[in-house]
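Read the figures in this text as sums done on the coordinates, not as results from a lab. All of these numbers come straight from a predicted model, not from anything done at the bench. No Cβ is skipped: glycine too gets one built from the backbone with ideal geometry, and neighbour counts run over all protein chains shown.
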Amino acid sequence: MSTQETKPIRTDEIRRMLKKKRAKMKRLLSHCVHCSLCAESCFLYMAHDKDPQYMPSYKVLQSLGKLYRKRGKVDRPFLEHIKGIVWRNCVLCRRCYCPIGIDIPSMITFARTICRSQGVYPRVDESVSESWL
Amino acid sequence: MYEFIRGPMVSISFMIFIIGLLYQAFKFFALTRKKELIFINLPFNPDKPPRKQWFQRVVEWFLSLRKRTVWRVHPVMTGITCIFHISLFITPLFLLGHNILLDEAWGMHFWSFPESFSDGLTWADLLCGAIFLFRRIFVRRVRVITTLYDYIVLLITVAPFLTGTFAYHQWFEYQTVIFLHIVAGEVMFIATPFTKLGHMLFFFFYRFFIGSEYSFGRGTRMW
């Protein structure tokens, strides 16, 4: 087991990071009207037979949205789950289009930053062994 | 109770609506003080010199939206959304009944639509609301991101129109229906600045002021 997998999650640090960007991120999250019109702008959504888990809004709500809802009180399995969403299901190509103008890539980027701060990120040596890739 | 709801409560809810929106706007501009020109929106057709009248340019810009926005991918849904939002905004503003009340209260009023036209707009709004509800329940991609909050927001938005139609056609007991209509309108006023309905204001802020590839204007503000 690598040190990355055993390192404890510092929830206080996650909470500090969430708080720092709260004004922007909470606004963007709260103005998403869950219309799903962003779906077709994601090539992964189109390539995966229109599977809803690849919708930009779904990815944001399931990653950053849940981090805010849980107020940063998360464990490693949860961050590992988010890792799959923000790295496997999103390549940050910035082509997602929100009719309201919500900056979806910045939210995915922030979710990645939080995961990385806790040592949760994809590694080159896990590409064949880990099921999430 | 009825006197309070149709008297002071109207002013209170309207004040909360205005002050709430001003507060949100102030917060937005305070948060996006940093300016940077990263995305430069080139003219849609750079070969043609911009010698046209401003009105013609605005019309061309507006028509170009259907090629570079969600209009192209979802024309029906975008059309329904536009009808819903336009009728949501203009129907209460130019409704004869509201203008008579405004005239009695403040001695001023807006121009009014014919009553049958307002009724048609209200029905259009209710139909669009029903389509949104249908999508939330039956379309999988919408259902997976729908929460109870979305249904509540939809109810807050549609309730004034539903009760307004009942009141106009005098269906059910009029006094109760008109009471519910006033309450529904006030709830919508109060909720707008602090809920998802805030996109009424932030749609324009995000699309015109924030620097983005998809910005409609030459936005330079950064978060």
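Note on chain A: lysine pairs with Cα distance below 17 Å, sequence gap of 8 or more or different chains, count 22. By the beta-carbon count within 10 Å of each Cβ, the least crowded to most crowded order of A:SER117, B:SER212, fewest first, is A:SER117, B:SER212. A Stokes-Einstein calculation at 25 °C with viscosity 0.890 mPa s, built on the Kirkwood radius of region B:71-139 over Cα pairs, returns a diffusion coefficient of 183 µm²/s. Comparing A:VAL120, A:VAL86, A:VAL74 in a Gaussian network model of chain A (Cα springs below 10 Å), the most mobile by mean-square fluctuation is A:VAL74. Counting every other Cβ atom within 10 Å of each residue's Cβ, B:VAL58, B:VAL70 order from fewest to most as B:VAL58, B:VAL70. Compared with the dominant Cα axis of chain B, that is its longest principal axis, helix B:174-191 is turned about 30°.
Loop sites here are trypsin sites (Lys or Arg not before Pro) outside DSSP states H, G, I, E and B with no more than 13 other Cβ atoms within 10 Å. The longest part of chain B free of them is B:73-217. Note on region A:10-120: with charges restricted to the Cβ of Lys and Arg (+1) and Asp and Glu (-1), its dipole about the Cα centre is near 740 debye.
The charge dipole of chain B, taken about its Cα centre with unit charges on the Cβ of Lys, Arg, Asp and Glu (plus for the first two, minus for the last two), comes to roughly 1660 debye.
For the residues of A:31-43, the average number of beta carbons from a partner chain within 10 Å of their own beta carbon is 6. Across all directions, the average projected area of the convex hull around the alpha carbons of the protein assembly as shown is 22.9 nm². This model, with +1 at the C-beta of Lys and Arg and -1 at the C-beta of Asp and Glu, gives region B:76-202 a dipole about its Cα centre of some 880 debye. Across chain B, the convex hull enclosing all Cα atoms gives 176 Å³ per residue. Against chain B, whose longest principal axis comes from its Cα atoms, helix B:54-68 is set at around 90 degrees. Between rounded, prolate and oblate, where does region A:31-133 land on the alpha carbon gyration tensor, with a ≥ b ≥ c its root eigenvalues, rounded for a/c under 1.5, else prolate if a/b exceeds b/c? Since a/c reaches 1.5 but b/c is at least a/b, the shape of region A:31-133 is classed as oblate.
Can you show me the helix-derived [θ] at 222 nm for the protein assembly as shown, built from DSSP H runs with n ≥ 4 at -39,500 (n - 2.57) apiece and divided by the number of residues, rounded to the nearest 500. It would help to have the intermediate numbers written out before the result.
Details: 18 runs with 211 residues, N = 356.
Calculated mean residue ellipticity at 222 nm is -18500 deg cm²/dmol.
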